[in-house]
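Presented below is the structure to which this report refers.
The values are calculated or read from the model by the stated rules, or taken from the named source; none is laboratory data. Keep in mind that this is a model prediction, so the values were computed, not measured. As a convention, Cβ positions derive from the backbone with ideal geometry for all residues, glycine included, and neighbour counts pool all protein chains shown.
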Amino acid sequence: MANSEGRNSWVNGSWNASDIANAQTHLAPFIDELRGQAISTTPGRTASLIELQVAQILGLEREETELSEFIRTWYSSAEFTDGEKAIMEITEQFVLDVHSVTDEQFDKLRKYFSTPEILAMLFHIALCDGFGKLEMVA
Amino acid sequence: MSSTPRLDPVDPTARSVFGSILGHQPQLATAFSTLYAEFWQRGELDHITKETTRLRNARITDCGY
């Protein structure tokens, strides 16, 4: 996907809406709206956890924060609640091999979150995964 | 993985997006539907290319659509 100058607009930095705007102007505001809705409907700080975790798994460059350090060792870290660990487990599996997400992992998620919350978090994972992979290859 | 949703739809008898699992988050469903409609109705790519990539994606992810 090339912009109006005929060059790829994602090559020199991480993806953001203005890059998309250069390449596909008509979709940019709708993508922003969708991502904003996904973020605003996820519970607590799970949106940030998901976004940082996906970026780490994909090897995307992001600003280092204290939270990103904890996420590297999320499984054994006392920083996260059991609910947060449940969504981080699914996030990891989703990005690495979506076919291997199990019913047991999903049941664990149900213990801590409502159906609307689960839907919002899964949607956010899918968007971070999709746009993160786009950032990797484009 | 199965193409059977793990989350229950809002209305099992409805055929619309808003009766599906997306109906649990109506604003998210609206934003998704609007983007999806824009993607299909406008843009640089022709419909054959869009549909071919959609089908290929559905096969790989074991999506029922």
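Some observations on this one:
- The set of residues in region A:96-138 that are touching a Leu at 6+ places or on another chain (Cβ under 7 Å) and under 20 Å from B:Thr4 (Cα atoms) comprises A:Thr115, A:Ile118, A:Leu119, A:Ala120, A:Phe123.
- The residue of region A:90-138 that is nearest to A:Ile50 (Cα to Cα), among those that are charged (D, E, K, R) and in contact with a helix residue (DSSP H, G or I) (Cβ under 6 Å, 6 or more places away or on another chain), is A:Asp129.
- Matching entry among A:Ala47, A:Ala38 (being within 14 Å of another protein chain (Cβ to nearest Cβ) and modelled with pLDDT under 95): A:Ala38
- Test: residue in region B:49-65 that is among the basic types (Lys, Arg), assigned to a helix (DSSP H, G or I) and loosely packed, with under 12 Cβ neighbours inside 10 Å: yes
- Any chance A:Glu33 is surrounded by 16 or more Cβ atoms within 10 Å (Cβ to Cβ), acidic (Asp, Glu), closer than 29 Å to B:Asp62 by Cα and modelled with pLDDT of 95 or more: no
- Residue match in region B:38-47 (condition: more than 9 Å from every other protein chain (Cβ to nearest Cβ), exposed (fewer than 15 other Cβ atoms within 10 Å of the Cβ) and of a type in the set (Asp, Glu)): yes
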